[in-house]
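**Student:** Please find one structure pasted underneath; my questions will follow.
What follows draws every value from the coordinates through simple rules; no lab data is involved. Bear in mind the structure is a predicted one, so any value in this text is a computation, not a measurement. Quick reminder, even Gly has a Cβ in these numbers, built from the backbone with ideal geometry, and neighbours come from all protein chains shown.
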């Protein structure tokens, strides 16, 4: 009965509408079971369908109330997020009282270490705020870290905050990435909007659309392409010219240029093209969802790596190469060690602490 | 920020507590990154942790409000579910008005067929209610159908309703399976309870416990075992005796005897044993969740097979053998057909309509 934006795309293809027409002929009725039923049973099934339609009206109300609840609590979290941001960016120095940890039962280890060094003096050349905070958070998440290339790190060091807002005019949410001055683009905020639309027919089936934003890359700094230079010689003469070709490059910033569902052409796409687009849409939404539900609310746990403890099972099962180890109880200790190394990887990649 | 019971086990191992101690040494700190930070940065991180603790208090309130919301709407759905049940079990015959479909845009195909046969006369020997309704619903779901053996079908034909309740004394829910008289057990209701407990530390991290119930199998009807008979000959003499051995058998009814997390022994389990238990717990919760979130609210769509249209993407990606076809755009049409056949399977298995 639950219906949240969580896992919506994971469970339901955004291409639903386009696919549905085709699927109609594939699933649900191949057995001719329903058609074979006696007339008196068929009319009872229709009665059940009508009952379910009534239920769906209530579900719509439920979703509206749930959206209100989410907005209400986001408002409560907001001042805390702002306080966090001002500490991260060095605009506010927390008081000693604000830095004293009370409920330390969950992170005793770290606590002890801090305790030991309590008398530690501040550096001679003190650091402002918490450098590379958001880059570290993003890189600690196993799924997002895969999207961040080495070239992406420099501009992402300038990321000062990520904010969540719910949309007013429709279901969905907006993520805003705030940037300090940097060499890559003059934009101070990059946004990604996910509009979610409930088709109102089967629980959490939702049709979604992602909107990115333009990034005004500085000359020669566009990370979404690499430039290939080629020398060309004219036939007959000895004249040469240099030809530059831009090739799309992998970058985290393609997050702001999400895949698009073609309106009419979808019907002309073949099964493979649809599946490819579908998995791209899913992956894009997954990243948005991770940022909304995991990174933004629990940023400090991503920064310290603590969040990974809770991710382990997920990571383990998702990142595998497809071999099912459910019933695998032989003594492959070596393999286990390899897995552990894999889990550690993102944390091990956290950048050194450099002064900005 | 969202926190529902959906996918809780999928994302978070129920073994969390047991595993955590071990993981502590594996993740989060291998790089020594946090320790390497200057003292002034470390105290700011503590301030962020305190801010997050405040936020978690609000989240607890949020979850309580969400639970109330869910209960409120389940109450609204209840009369509709009861009406459905009385039609399914033939206790009430719906009126003509109740059987007339208005919003037929989503299932035109089926509608037309029904339209054609509108004048169809009721069978000479009319059927009571909708026979094998719940068995068909369960068998249409790809994940649950895998748990239902041929031997399970007979008793599951006697399944008259599945009801959801939220627990009053803790987070979680109870599923009640109601049975008509049958040859297998005298129990009229079998129950499964999922107690969920929020550890209150990282969003939707939850520790869960499933409770089944005893099934009082009639003599020789216990589906959870098969009996093996063996002739034994006494050495020296020619005396033989017949030895019966019961061997655990696969059955849907083991759903009522869920895996248990050993209290203290968990710490003595090795990595493989823990992983095996973990995936069993996950699988058990997944089934409970499917019944709660999909089967109960949308039973008629499972009966007709319509629900499969919305499941397709999910099924496709989950049920694969691990080969990633994301970038696979060559012309393997034959494979595609094979996949489709797979999708159709559960529906094709729907039983013929027999009178009960």
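**Student:** Under a plain spin-label model, where a point goes 7 Å from the Cα along Cα-to-Cβ, how far apart in nm are residue A:95 and residue B:71?
**Tutor:** 3.9 nm
**Student:** From zero outward in steps of 5 Å, how is the percent of C-alpha pairs of the stretch A:138-185 spread across the bins?
**Tutor:** Cα pair-distance distribution for the stretch A:138-185, in percent: 5, 17, 20, 23, 16, 11, 7, 1.
**Student:** Put a label point 7 Å from Cα along the Cβ direction on residue B:247, then list its distances to the equivalent points in the other copies in nm, shortest first.
**Tutor:** For residue B:247, the other copies' label points sit at 5.9 nm, shortest first.
**Student:** Let me ask something additional. Would you tell me the mean number of C-beta atoms belonging to other protein chains that fall within 10 Å of each C-beta in B:297-303, as a whole number?
**Tutor:** 6
**Student:** Fewest Cβ neighbours within 10 Å first, please rank B:143, A:295 accordingly.
**Tutor:** Sorted ascending by nearby Cβ count, the order is B:143, A:295.
**Student:** Quick one: which of B:233-239, A:43-49 comes out on top by average Cβ neighbours within 10 Å, and what's the full order, highest first?
**Tutor:** A:43-49, B:233-239
**Student:** Averaged across the residues of A:153-161, what count of C-beta atoms belonging to other chains lies within 10 Å of each residue's C-beta?
**Tutor:** Mean inter-chain Cβ contacts per residue within 10 Å come to 0.
**Student:** If I take R0 = 30 Å and measure r between the Cβ atoms of residue A:280 and residue B:268 in this structure, what FRET efficiency does the formula 1/(1 + (r/R0)^6) give, to the nearest 0.05?
**Tutor:** 0.10
**Student:** Still on this structure, please answer the following. Put a dot 7 Å past each Cα toward the Cβ at residue B:228 and residue A:237; how far apart are the dots in nm?
**Tutor:** 8.9 nm
**Student:** While we're looking at this one, here's another question. How much length is gained if the chain between residue B:213 and residue B:180 is pulled fully straight, taking 0.36 nm per residue apart and subtracting their Cα-Cα distance, in nm to one decimal?
**Tutor:** Length gained, residue B:213 through residue B:180: 10.1 nm.
**Student:** Sticking with this structure for a sec: For the pair residue A:221/residue B:245, report the inter-label distance in nm, with labels modelled 7 Å from Cα in the Cβ direction.
**Tutor:** Those two pseudo-labels are separated by 7.4 nm.
**Student:** Neighbour counts of other C-beta atoms within 10 Å: give me A:303, A:177 arranged from fewest to most.
**Tutor:** A:177, A:303
**Student:** Taking a temperature of 25 °C and a viscosity of 0.890 mPa s, what whole-number D in µm²/s does Stokes-Einstein yield for the stretch A:124-223 with Rh from Kirkwood over alpha carbon pairs?
**Tutor:** Approximately 156 µm²/s, per Stokes-Einstein.
**Student:** Between copies, how far does the label point of residue B:163 sit from its twins, in nm, shortest first, when each point is 7 Å from Cα along Cα→Cβ?
**Tutor:** Distances to the matching label points in the other copies: 4.9 nm.
**Student:** Taking beta carbons within 10 Å but only from partner chains, what does the mean come to for residues B:94-101?
**Tutor:** Whole-number average of other-chain Cβ neighbours for B:94-101 is 5.
**Student:** Quick one: with label points 7 Å out along Cα→Cβ, list the inter-copy distances for residue B:79 in nm, shortest first?
**Tutor:** Copy-to-copy label distances for residue B:79: 4.3 nm.
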